[in-house]
1. Within segment 132-147, is there a residue that is touching a residue at least 24 places away in the same chain (Cβ under 8 Å) and under 18 Å from the mean Cα position of the chain (by Cα)?
2. Filter segment 158-181 for residues that are under 20 Å from TYR204 (Cα atoms) and either touching a residue at least 40 places away in the same chain (Cβ under 8 Å) or not polar (S, T, N, Q) (or both) and give the result.
3. Which of the helices (runs of 4 or more DSSP H) contained wholly in segment 1-60 include at least 2 residues that are buried (at least 20 other Cβ atoms within 10 Å of the Cβ) and within 17 Å of the chain's Cα centre (by Cα)?
4. So which residues in segment 144-189 are charged (D, E, K, R) and open to solvent by less than 40 Å² (accessible area, probe 1.4 Å)?
5. Consider segment 61-75. How many of its residues are within 19 Å of the chain's Cα centre (by Cα), open to solvent by 40 Å² or more (accessible area, probe 1.4 Å) and farther than 22 Å from LYS20 by Cβ?
6. Just checking, does segment 84-98 include any residue being of a type in the set (D, E, K, R) and not in a helix (DSSP H, G or I)?
7. For LEU83, indicate whether it is in contact (Cβ under 8 Å) with a residue 24 or more places away in the chain, more than 19 Å from the chain's Cα centre (by Cα) and either at positive phi or open to solvent by 30 Å² or more (accessible area, probe 1.4 Å) (or both).
8. Mind listing whichever residues of segment 89-99 are touching a strand residue (DSSP E or B) at 6+ places or on another chain (Cβ under 9 Å) and either polar (S, T, N, Q) or surrounded by fewer than 19 Cβ atoms within 10 Å (Cβ to Cβ) (or both)?
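The values are calculated or read from the model by the stated rules, or taken from the named source; none is laboratory data. These numbers come from a predicted model, not from an experiment. Cβ coordinates were reconstructed from backbone atoms using ideal geometry, including for glycine residues, and neighbour counts include every protein chain displayed. What goes into the accessible areas is simple: the full protein's heavy atoms, side chains included, and nothing from ligands, DNA or RNA. Shrake-Rupley method; radii C 1.70, N 1.55, O 1.52, S 1.80 Å.
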Amino acid sequence: VEVDWKEVEKVNAFFSSDIKVDLSIFTSKTAVKIVREHVPKAWRQAITRAVAIGPGTASLLKKLGAMKVEVSEKHSSNGLIELLAKATGIDLAVLYCSKDVNIILEEFIKKKFHKSAVFKLYCIKELRKNVKTIVELIETDRSRKFIIVIPSMSVLKLLSSERVLINAGNVIFSVISKRLLEEAISHGIHIQHYTDTYDLEEYYSCLLYTSD
C-alpha cells in the first residue's frame, strides 16, 4: 500500500474549518488506519457515526473507539450502495477509500447526499504488476476472447498506457459508468459494453448477455 500524502493534506485542509460530517464511510481497514493516524479532526467525527464495507473494517472501527458503526450485508461496493440508499437525515457524507474505488459507488454518494466529499487516500502497488500479467496472458493466447471490466479511473489510466492491450483484437472492454465511458474514449480506448446502473448484479448480467 502506498499512501497519497497530498490527499491526506487535502483531508486535513477540509477539516481545518468548523465542519460537521454526518456520516463517514470506509471501504477498507487501511482507510480507517490512515484517517485515525493522520487526520485526527476527521477521526473525531468519524467515530460518532461510520459505515463500513465489511465486518473486518467494522470490527477495526469499533476496536478503535467508534460508537456507531453500520456494515453492509453484502461486503462490496454494491452492498454499500444498498445500505446508503436507505440513509436519511444526512447533510454531509465523506467517503474514505483507495484510488481504485468503484466509480459507481463514488458517483452514487455524490448524487445521494446533499453534500459529499471523496478522499482517495492510497493505492495498491500490486495493481500495475497485475496489469502487466494480463497483457502477457492476452499476448500469448490470441485464440481466446477476453473481457476486461474497467471499474475505476486509476485502472483506466493504467490500461491506457498499455497500447498493445488496447489494440489487441481479442479484447472486449467494458466500463461501469458514463463518466468512465467518456474518459475511456478520450484515452483512445474502444468500449464495446457500457451500462449506466447502480446495480452491479444487473451490470454483470447485461455483460454476460453481451458476451454471449
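1. No - not one qualifying residue is present in segment 132-147.
2. Result: VAL171, ILE172, PHE173, VAL175, ILE176, SER177, LYS178, ARG179, LEU180, LEU181.
3. Per the criteria, 29-38.
4. Matches in segment 144-189: GLU162 only.
5. Final tally of qualifying residues: 4.
6. yes
7. no
8. Those that are touching a strand residue (DSSP E or B) at 6+ places or on another chain (Cβ under 9 Å) and either polar (S, T, N, Q) or surrounded by fewer than 19 Cβ atoms within 10 Å (Cβ to Cβ) (or both): ILE90, ASP91, LEU92, SER98, LYS99.
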